[in-house]
1. At 7 Å along the Cα-to-beta-carbon direction for both A58 and V75, put a label point, then send me their distance in nm to one decimal.
2. Tell me the relative contact order for the chain as a rounded percent, counting alpha carbon contacts under 8 Å between residues six or more apart.
3. Which value in deg cm²/dmol, rounded to the nearest 500, describes the helix-derived mean residue ellipticity at 222 nm for the chain, given -39,500 (n - 2.57) per DSSP H run of n ≥ 4 and division by the residue count?
4. Using a 1.4 Å probe on the protein heavy atoms, what percent of the accessible area of the chain belongs to carbon and sulfur?
5. For segment 1-40 and segment 68-147, what is the centre-to-centre distance using only Cα atoms, to the nearest Å?
6. What's the magnitude of the charge dipole for segment 33-158 around its Cα centre, counting Lys and Arg as +1 and Asp and Glu as -1 at the beta-carbon? Answer in Debye, nearest 20.
7. Out of the DSSP beta bridges found with both residues in segment 1-138, what percent are antiparallel (nearest 5)?
8. Calculated from the structure, mean projected area of the Cα convex hull in nm² equals which of (1) 17.8; (2) 10.4; (3) 11.7?
Amino acid sequence: MTIITVNTPTGRLSLEQRRTLAETLTDAVLVPEVGQFAPPARVGFQVHFVERSSDMMAIGGRLLADIGPEADVMVIDVAVMDGDWRQEVRAAVIERILAALAEACGLAKPAATWWVNFRVIDEGSWGSSGGVLSVLSLLDTGVFTEEKVKAVRVALDA
């Protein structure tokens, strides 16, 4: 289970950009998480787009409404189930997310004012379908590589 929330000023992303990002942001997390491109695993991912008016966001102590359109602010929050989230895996996810955003927005590189927060939800702290979920129950679904299954088990035993 993964939830990616993209917070932007109202109108920053077009419908077509959101369509593209729904897929590319999912895959930006999915591939490092399970160790391979596994389309069946996409069902466990949600992408939420949240827009705020320019008088409801600020940077550098100033409302975006007072700065103007040159203030290209985005905050992306990624919440994942506990697992193999070593520093290098988290870094890969963050870089993939920023690259996907830049590509969808037609930019050569991500803006310095686009920030990604990466949060790992502790084992036993995620619920759905009337109960508590565990990444351990997902390891035998066939979407995780053998290497990732071992890494997740080691990470959760630590």
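The values are calculated or read from the model by the stated rules, or taken from the named source; none is laboratory data. No experiment lies behind these values; they were computed from the predicted model shown. Virtual Cβ from ideal backbone geometry, glycine too; neighbours counted across all protein chains shown. The protein model used for the area step is the full one, side chains on, heavy atoms only, and it has no ligands, DNA or RNA in it. Shrake-Rupley method; radii C 1.70, N 1.55, O 1.52, S 1.80 Å.
1. Modelled inter-label distance: 1.2 nm.
2. 30
3. Numbers: 4 runs with 54 residues, N = 158.
When only DSSP H runs of four or more count, the value is -11000 deg cm²/dmol.
4. Numbers: 4640 of 8530 Å².
Percent of accessible area from carbon and sulfur atoms in the chain: 54.
5. 9
6. Its charge dipole is roughly 80 debye.
7. Working: 11 of 27 bridges.
In segment 1-138, DSSP labels about 40 percent of beta bridges as antiparallel.
8. (2)
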